[in-house]
6 protein chains.
Amino acid sequence: MPFINVKLAKGRTAEQKQQFTEAITKAAAQILNVKEEWVTVVFDEYERDNWASGGTLHSIKFEEGFGKMGAE
Amino acid sequence: MPFINVKLAKGRTAEQKQQFTEAITKAAAQILNVKEEWVTVVFDEYERDNWASGGTLHSIKFEEGFGKMGAE
Amino acid sequence: MPFINVKLAKGRTAEQKQQFTEAITKAAAQILNVKEEWVTVVFDEYERDNWASGGTLHSIKFEEGFGKMGAE
Amino acid sequence: MPFINVKLAKGRTAEQKQQFTEAITKAAAQILNVKEEWVTVVFDEYERDNWASGGTLHSIKFEEGFGKMGAE
Amino acid sequence: MPFINVKLAKGRTAEQKQQFTEAITKAAAQILNVKEEWVTVVFDEYERDNWASGGTLHSIKFEEGFGKMGAE
Amino acid sequence: MPFINVKLAKGRTAEQKQQFTEAITKAAAQILNVKEEWVTVVFDEYERDNWASGGTLHSIKFEEGFGKMGAE
């Protein structure tokens, strides 16, 4: 506790996920008053044809690279 | 907002997912009183040995094609 | 199957949720090729201080009524 | 109803998932006072670089086989 | 790991939830080859107007007591 | 995108949730290469008799204040 589920577009490296996990976990420990070893983080990575906003799949809406800055 | 997560058996085409997304998004806008661009839809697709009902995995319970009409 | 989870701001009536459920369920039957009785819809309703976007809780960002049109 | 979502490390066999499903479903029927055919179980299987605890991805923290006894 | 989320109709006692948790946890340890202390179980309890099947909210479809046997 | 769901024990203030949201959102922007306004964070708060670990509900296992440091 806490259990943190991150849903995002496929395409981040293990190194990015590790850095993000560290940042979240430290923030949880400092702000939410829990121990770091209590924090679980799990990532659900989505193909662009399984994520839609405004009524349109991102595989249709965006070019390759969507979900990274400059690619909005 | 809203964020809509659809869990279903693998096997729909991107075109089906797009049509379903459109239908959900329009319905949300009309009925729930939100803007279409606020609506997110994400699909989680399951292999038949990761979905069970009545105590039995669907990979055991059903033939190929389960989850489509006529295949109950 | 499918199992559809709708996360949204608190404040819709049972009637709105019933209408939305009907619309989603019919769309699933027509487009995803499933029977209506297979479709489950569950709503998770959120207080505005449990939902944040762009780094700010909606209880801070928005006036009462957020999540309804005209209230963006 | 109930709908039970099991998130775990990749690597169980279909037979293990079937046995676990049966056990959960029977327990739900006996203890929660529902019919077995109402119970749905879905498994989300995670690669070790999508699951972290204590601030570290399990792909970094553990050798192959993590999530099975003897492998802590 | 594993993390098990149980979504069900409101109305079970803490004692029922404790018994079900014990049963699931033991089954996980025996069948999935994990330690009992690794297993987390969380319950999401739903009002009947936040759960629908076959296109109808359970608050409309069922009398009081739905989700318990004899009440289908 | 990303959509981040934080499940935790009830009892944090809106101020703690706001600070945690800010920290997560900034970390996502810096590390995952997304814009801050793309990031959604939602909190699911649990009563202690809806969260269990090691086979025991936290309402049984812990005194008041569980989930905060010093209360393990």
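The values are calculated or read from the model by the stated rules, or taken from the named source; none is laboratory data. Computed from a predicted structure; not experimentally measured. Ideal geometry is used to build each Cβ from the backbone, glycine not excepted, and the neighbour counts take in all protein chains shown.
Things worth noting here:
- Taken over region E:16-52, the criterion of being in contact with a helix residue (DSSP H, G or I) (Cβ under 7 Å, 6 or more places away or on another chain) and of a type in the set (Phe, Trp, Tyr) is satisfied by E:Phe20, E:Phe43, E:Trp51.
Each row is one residue, and each column tells you yes or no for (1) touching a strand residue (DSSP E or B) at 6+ places or on another chain (Cβ under 9 Å); (2) facing chain A (nearest Cβ under 10 Å); (3) modelled with pLDDT under 95.
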position	(1), (2), (3)
F:Asn5	yes, yes, no
F:Gln16	no, yes, no
F:Gln19	no, yes, no
F:Ala28	yes, yes, no
F:Thr40	yes, yes, no
F:Phe43	yes, yes, no
F:Asp49	yes, no, no
F:Gly54	yes, no, no
F:Leu57	yes, no, no
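- Annotation note: Cβ proximity below 6 Å between a residue of region F:15-43 that is at positive phi and a residue that is of a type outside the set (Ser, Thr, Tyr) (sequence gap 6+ or interchain) occurs for F:Asn33/A:Lys68; F:Asn33/A:Met69.
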